[in-house]
Structure formats: C-alpha cells, structure tokens
Amino acid sequence: MRANKLLLLCSSLGVLALLVVAMAQENFLKEWRRIQMTAQARGEELDSRLRQIVVPALHVSDRCVTCHVGMAPGEQGLVGVPILAPHPNVGHDPAAFGCTICHGGQGRATDQADAHGAVPFWPSPMLPREFTSAGCGSCHTHLRVPDLAQLRQGQALIEQYDCLACHRLNQRGGTLRPGGGGMEGPDLSRVEATG
Amino acid sequence: MNGTGAPGTHRPIGPRGEALRRFLDNLRQVPRRFRESALRGGLPHTDRSRSSFVFGNVFLHLHAVRTHRWSLRWSTTWGLGVTAMAAFLITLVTGVLLMFYYKPYPDVAYQSIKDIHFVVPTGRFIRNIHRWAANLMVVAVLVHMARTFYTAAYRAPREYNWLIGMGLLVTTLGLSFTGYLLPWDQLAYWAITIGANIASSPREVTDALGITGYFDPGGLQRLLLLGSDVVGEEALIRFYLLHVMILPLVLTALAAVHFWRIRKDGGLVRPADADRRLGPPPGDVYPVFTEAPAKTYHLAAIVRGRTPAVGDGPEQTLPSMPHLFYAEAAVFMLTIFVCVGLALLADAPLKELANPTVPENPAKAPWYFLGLQELVSFSAFMGGVGIPTIVMVGLGLIPYLDREEAGTGEWFGGPGGGRLVLQAVVVGLGAAVAVEAFAIQFGWLREWFPSIPQPVITAINPGTVLTAIYAAYSLWLVKRYNSTRAGALGLFTCFLCGFVLLTAIGTHFRGPNWAFYWSPADWPVH
C-alpha cells in the first residue's frame, strides 16, 4: 500500500503542476494579452479581453481586433504604433464588414500565426499588404474594379471638383432642393454597383 | 394574563425559551448530523467500520469488502482495467464540457471546433484531453484484453465476462469512430467515407454473385450508418447521437456487468497455489479455519452453487478500503496525469473544412482501423467483414474451447509458456512481413491474371493467406504440445502481431493511392 500511496501522491502533485502550467498558459501567456498590455502601458484606456466583429449576414466572426485593438468598434487606437493604430478610412467601416471579407486570413483565430493564416490546413491566408485591393473582388464581382491608384485619383477628383456640393456619395455631401423635391443631384453611392 | 391557560391553546413543553434553545442547538448540530446521515454512521475509523462502509455504499459496493493479496500485486493486472475505465470517465467529463459549445451541423460544427480551440476558456485544453483520453482508452482496452488472455483469466468461471469484455472493446471502438466525424474537417470526412465503404463491402460478394439488386446487406449497412447516400448532415447527427448518448449508455451498462461479474466469479484470477506463493500472512493476522472443512456449504434456496469462499479463511485478504482503493486511486490519477500531460504537449488534429469535392489522397481511417484498411485494400469483403468476423468468433470461442486448468492466473501460463509466446511473436510478425513484402514486391493475382474472377481474389488474398498461416500454426501448436491452451496462446499472439504490423503499415508506409512508401517524406508532391 505504501507504493500505491506514493504513486497517488506523485501523480496528484504531477496533475496539480500540469494544471498550474495550463492555467498560466490560459491566463498570462496568450499573445493577445501581451499586446493589449503594451497598449495599456502606453496609457490607452483598455480592459483586457477578447474582442470580435460579428456580421451574421456575411458569416463573419472576426477576432482580429483582439490584437488590432485600435480597429475595434468603439476604441480610439494609438496613431504611430502600427499594431494599435486605427483603420485607415477606406469607405468601408470594419465594424460593418469585419476584416477577413477584404483581407482574408482566419478570423476565428486568436494568435498571430493562425489568424494571418499561413499555417497548415488553412486554405486562405491573408492577402499580402500590396495586394489588398485583390480582396475587393470578393464582393464587387460585377464591377471593373480599378486599381488602388486609379481609385485614389477618382476620390481626389471628386473632392477637387466639389461634386459633393450637389451629389451624395457614401453618406457624405448632397443638398436638398429648396421647397422640397428631393436632392439637388442624384445619389452616386451605388453607381455601377448593381449588376 | 394573556390566555396561556385558555382551553385549546398549546402549553409550552418546558420552561419559556426552551424550544428556541433546542432550535439553536439543532442548528449547531446540522453539519455533524448531515455527515452521519450521508455516510451512514460517520467516517469509518476501524477495519470493521470501513468494511461496513464499503458494504453500505452503492458505488463502493461494486468492490468486494476484502481483496485477495494476489489481486493487489501490480504484476497481476498492471491496473489496465482501471486505466481504461479512468480514461472513459475522463472522456465523459470532458465530453460533456465540449457539448456545451459543439454544434452538430455541417460547416457550423467545424466552426464550433475552431471556437472551442481559439476562444472558449480552456476549450483547446479540454478538447486535447478528450482526444488523448479516447486514444488511451483504445490502447488500454486492447492491452487489458491481452493481460486477461495471457494470464488465462478467461477460463471458467469467467468465460461470460470475457464475452462482455469483447462487447466493451467493440463499444470502445464504436465510440472512438463516431467521435472521429464530429469535427467535420477533411480528416474526419474522408475517414468516415472509408468507414462507410467498409460497411458496404459485402457488395463485393453480392456483386460477384449478381444478386445485389435483390439482396444488398452492404448497402443496408451503409445506409444505416450514414442515413443517406453520402456523408452529410444525416450522418453527422446520427454519429453525434451515437457518440454522446447511445454508446456511452451501452458502455456504462456493459461495464457495470463486467465489474459485477468480477465479484460474482470470485474476484480476479489467481493461481491455484497463490496462497503458498504469497507466503504466510502478516504476523498480526490469526487463522480463522484451523482445519479444512469436512463438507461444503451452500445457501440452500437462495443461491445455486458453492460459494467460492468456502473453506477459505480471510487470512490472505486485506480490507478493500483502504488497500484496493489506494491502488485504484493511484492508477486513476496516473491516467489523468498522462492525459493532461499529452494534452499540453500536442493538439488534437483539425484539418481544413470538410470538402466532398476534394478527396484526401490517401484517405485514411482512424489509426486503430488502419490494419483493417490494409486488409480492405486486398479485398473489401474479407478485410471489412470476413476476417474481423473470423477474429471475433475465434476470440469469443477461446474460453469455451480451452477447458484446461494448468497455468491459470500466471503470466503466459500453460504449456510452452513464455518461450512459446516468443516463438509465436516471431512467427506472427515474420508471416505478416513476408506476406506483405511479397504482395508489395510482386503484386497479387489481379496483376498477373487481369481477367481473374473476383470471388477467387476474395477467397485468396494476402489477408486470407495470413489468416490461414496463423490458423495452421495454431493447430500445429495444439498437436505439438497436446494442449488447446498452446494453440490459443499462439493464435492470440499472432493476432496481436498481425494487428500491430498491419496497423503500422497502414499508418506509416502507405501513401497516395495506397502505394507503398518507406516514409511519408517520399510521397509525390502534387
């Protein structure tokens, strides 16, 4: 019985030790916790937790904003720190579309390697940064999607000629005719956007 | 005054305030009285009260009150049965936890596994433990079976428990196999496709006879398994129900019978001269029977047969509590330690989302079926139905054919003993390697005579040739040692060697199109 008691003691202590290791892994060693702690260290008001963007219509549950916490809905972001920066203004709000719709990768994952998706058994890794506009085609299949330079030029021209004085475009601009009768110019948001 | 003496009102039993005092006193006594009522007389402190504690507790009563010293030696069982049961309990607890998050519907199932892996608190850890415990359970059940065989524990009066044990083996494999589909990834999908094809393998025979149109047991088996023509949502919900409800209930019921029969069959097996080998009992034990009883006793009109303990004093037994319970708790804890340790080291696999249009090549069944799949590659019917049936019938018949008594309860007991087993290992492995090497090097009948009718290949293929060699060798052993036990030792050892070798070949040495490769690194890149 002595030997059995000793075995019981040793294996119980062993299990206890392994559970402590598992506890530490679960609570302290997660990559995203470290990243959120850096943000807190830089004075960001942030509670340490998983964040996600859920868009049922697009079958999207993207946890990218757990690390890219500056892009999480309702967070400010730290300009100048790449991983914590807010999303550049591209006309599509990440809160409405999620991340993987445009960028690819594995939205359900919560560590970098798995999320960026260049891992075994994940068929669609993230698009490289310079090819991000290749993601536009996942929705805009019926359009001749311009390259990014052309898109920027068009956006600049719209600003330059002040088209928004009369036309409405992506919830900006447009004026109402005096005395009713609708908008001064037609809404251009969906021009060529319906097949 | 205020009507205390009025007729119809209650008179206080004692002095004023007495009831309140008793109430407070009772309140203070609640923990003690609860303990006494729950444990039927408090925690036991003597051997006698511990015995009555075991006797009065529904769970502990599966054990005898006293356990033979022989049963407590590590080398008697190596704790393998307890390991299997412990692994089952671990899968039960972790499985129930996983059920909180798992959703049994195609694609959604895969995403719920991803969620368990990435965001459910400790989800990945729990799933890993579940997976490792399930694998450990399959291994433990097989090794436990080998222990039972090699100590000849299946012999009368334990034949029936051997059959229950075979039922437990089949149920364990069923539980593992049904769990395999649930993640709904490529690995699961194509493994279950292979499994379903094995289920439909009787078609090889019915097709050859041209009667599949009228009589199609293979198609029926496949339909019963999948609930549809292909692996889809019907198969998933079916496997889920089998995995989380039906098979666990079956296994629990069989295990209860299995444990109960251990008691009823007179405890664990031990050699006839176990008492002599153990030596005299410890000094503080005094003998109860000083002379052999002149007659045997039985409880007339209550139970049939002699009670197994007649004439045996309790000198060679120890109270199950604490001696047996410490042993069981130690094995249980060690099993948890192994499962948790492996769970921290290696993740349970999860490949891409299941895609019916992109078959895996090679598509492999779970590892414990890869020996079968290797046989199936020669002949679907013989590998999937014929040889497994022969093996199961053979295993089930062993206790009814071997009626000898020499060597019961001893490792490799029986004529020939360890030497015979070693020889059988050489023959079993050698024959399997030779047959496999021949088939891999030179091909088989279909390569030499392309127009040969299928029934010939069904009857004569590497699998059946290997089975025939094993059977012939065992019969020769029966003759050579003039003992059925010798034949059984040879046959079981060959069966184990064949299982291990074919599983190894199926796991490691088979690549795309089930071709032979020395290493997965040599597989062609596509």
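Kindly provide the set of residues from the range B:208-243 that are among the β-branched types (Val, Ile, Thr) and open to solvent by 40 Å² or more (accessible area, probe 1.4 Å), ordered by number.
B:Ile211, B:Val230, B:Ile237 - these are the residues of the range B:208-243 that are among the β-branched types (Val, Ile, Thr) and open to solvent by 40 Å² or more (accessible area, probe 1.4 Å).
For the range A:44-56, state whether one or more residues are part of a helix (DSSP H, G or I) and within 17 Å of the chain's Cα centre (by Cα).
Yes, because at least one residue in the range A:44-56 is part of a helix (DSSP H, G or I) and within 17 Å of the chain's Cα centre (by Cα).
Among the residues of the range B:244-264 satisfying the criterion of being of a type outside the set (A, V, I, L, M) and open to solvent by 40 Å² or more (accessible area, probe 1.4 Å), which is farthest from B:Tyr101 (Cα to Cα)?
Just the residues of the range B:244-264 that are of a type outside the set (A, V, I, L, M), to begin with: B:248, B:252, B:258-261, B:263-264.
After this cut, where a residue has to be open to solvent by 40 Å² or more (accessible area, probe 1.4 Å) as well, the list is B:252, B:259-261, B:263-264.
Working: B:Thr252: 24, B:Phe259: 33, B:Trp260: 36, B:Arg261: 38, B:Arg263: 40, B:Lys264: 42 Å.
Only one residue fits best here, namely B:Lys264.
Hey, among the residues in the range B:326-368 that are farther than 30 Å from B:Pro106 by Cβ and over 21 Å from the mean Cα position of the chain (by Cα), which one's surrounded by the fewest Cβ atoms within 10 Å (Cβ to Cβ)?
To start, the set of residues in the range B:326-368 that are farther than 30 Å from B:Pro106 by Cβ comprises B:326-338, B:340-341, B:344-345.
Within this subset, residues satisfying the condition of being over 21 Å from the mean Cα position of the chain (by Cα) are B:326, B:341, B:344-345.
On the way: B:Tyr326: 19, B:Gly341: 17, B:Leu344: 17, B:Leu345: 9.
Among those residues, the one meeting the criterion is B:Leu345.
For the range A:35-59, how many residues meet the condition of being basic (Lys, Arg) and surrounded by 13 or more Cβ atoms within 10 Å (Cβ to Cβ)?
Selection size over the range A:35-59: 1.
So B:Val143 ticks every box in (1) more than 14 Å from chain A (Cβ to nearest Cβ); (2) crowded, with 20+ Cβ neighbours inside 10 Å but one. Which box is left unticked?
Checking B:Val143 against (1) more than 14 Å from chain A (Cβ to nearest Cβ); (2) crowded, with 20+ Cβ neighbours inside 10 Å, the one that fails is (2).
For residues in the range B:106-123 being of a type in the set (A, V, I, L, M) and either facing another protein chain (nearest Cβ under 7 Å) or open to solvent by 30 Å² or more (accessible area, probe 1.4 Å) (or both), which is farthest from A:Gln52 (Cα to Cα)?
So, considering only residues that are of a type in the set (A, V, I, L, M) and either facing another protein chain (nearest Cβ under 7 Å) or open to solvent by 30 Å² or more (accessible area, probe 1.4 Å) (or both), the one farthest from A:Gln52 (Cα to Cα) is B:Val108.
Of the residues in the range A:18-29, how many are farther than 14 Å from B:Arg124 by Cβ and exposed (fewer than 13 other Cβ atoms within 10 Å of the Cβ)?
Of the residues in the range A:18-29, 3 are farther than 14 Å from B:Arg124 by Cβ and exposed (fewer than 13 other Cβ atoms within 10 Å of the Cβ).
Can you list residue pairs whose Cβ atoms sit under 9 Å apart, with the first residue in the range A:99-114 being within 10 Å of chain B (Cβ to nearest Cβ) and the second being among the aliphatic types (A, V, I, L, M) and not in a helix (DSSP H, G or I)? Count only pairs 6 or more apart in sequence or on different chains.
A:Gln106/A:Val119; A:Gln106/A:Met126; A:Gly107/A:Ile53; A:Gly107/A:Val60; A:Arg108/B:Val119; A:Ala109/A:Val119; A:Thr110/A:Leu50; A:Thr110/B:Val119
Provide a single number: the residues in the range B:208-246 that are polar (S, T, N, Q) and under 24 Å from B:Gly386 (Cα atoms).
Of the residues in that region, 2 qualify.
Only one residue in B:Val230, B:Val250, B:Val257 is touching a Pro at 6+ places or on another chain (Cβ under 9 Å) and among the β-branched types (Val, Ile, Thr), so which one is that?
Criteria check complete, one pass: B:Val230.
Tell me, which residue of the range A:166-188 that is in contact (Cβ under 8 Å) with a residue 12 or more places away in the chain and under 28 Å from the mean Cα position of the chain (by Cα) is surrounded by the fewest Cβ atoms within 10 Å (Cβ to Cβ)? Quick ask: steps written out before the conclusion?
At the first step, the residues of the range A:166-188 found to be in contact (Cβ under 8 Å) with a residue 12 or more places away in the chain are A:166-171, A:174, A:183-188.
Add one more test, that the residue is under 28 Å from the mean Cα position of the chain (by Cα), and what stays is A:168-171, A:188.
Working: A:Arg168: 18, A:Leu169: 18, A:Asn170: 12, A:Gln171: 9, A:Leu188: 18.
Once the filter is applied, the top-ranked residue is A:Gln171.
List the residue pairs whose Cβ atoms are under 6 Å apart, where the first residue sits in the range B:349-369 and is within 13 Å of chain A (Cβ to nearest Cβ), the second is among the hydroxyl-bearing types (Ser, Thr, Tyr) and outside any loop (DSSP other than H, G, I, E, B), and the two are 6 or more positions apart or on different chains.
B:Leu353/B:Tyr110; B:Ala354/B:Tyr189
Touching a residue at least 60 places away in the same chain (Cβ under 8 Å), within 14 Å of chain B (Cβ to nearest Cβ) and under 20 Å from A:Met126 (Cβ atoms) - does that describe any residue in the range A:59-67?
no
Test of understanding: among A:Leu6, A:Leu18, A:Leu13, which residue is within 14 Å of chain B (Cβ to nearest Cβ), closer than 30 Å to B:Ala329 by Cα and either of a type in the set (S, T, N, Q) or touching a Gly at 6+ places or on another chain (Cβ under 7 Å) (or both)?
When all the criteria are applied, what remains is A:Leu18.
Here are A:Pro86, A:Pro123, A:Pro73: which of them is open to solvent by 60 Å² or more (accessible area, probe 1.4 Å), more than 14 Å from chain B (Cβ to nearest Cβ) and either outside any helix (DSSP H, G or I) or in contact (Cβ under 8 Å) with a residue 12 or more places away in the chain (or both)?
A:Pro73
Check the range B:504-515 and report whether any residue there is open to solvent by less than 50 Å² (accessible area, probe 1.4 Å) and farther than 20 Å from B:Leu187 by Cα.
No: the range B:504-515 contains no residue that is open to solvent by less than 50 Å² (accessible area, probe 1.4 Å) and farther than 20 Å from B:Leu187 by Cα.
Tell me, please, whether a residue that is among the β-branched types (Val, Ile, Thr), more than 14 Å from chain A (Cβ to nearest Cβ) and in contact with a Phe, Trp or Tyr (Cβ under 8 Å, 6 or more places away or on another chain) can be found in the range B:149-158.
Yes: the range B:149-158 contains one or more residues that are among the β-branched types (Val, Ile, Thr), more than 14 Å from chain A (Cβ to nearest Cβ) and in contact with a Phe, Trp or Tyr (Cβ under 8 Å, 6 or more places away or on another chain).
The values are calculated or read from the model by the stated rules, or taken from the named source; none is laboratory data. Only a predicted model underlies this, so the values are computations on that prediction, with no experimental measurement involved. Note: ideal-geometry Cβ built from the backbone for every residue, glycine included; neighbour counts use all protein chains shown. Note: accessible area is taken over every heavy atom of the protein model, side chains too, but ligands, DNA and RNA are not part of it. Shrake-Rupley method; radii C 1.70, N 1.55, O 1.52, S 1.80 Å.
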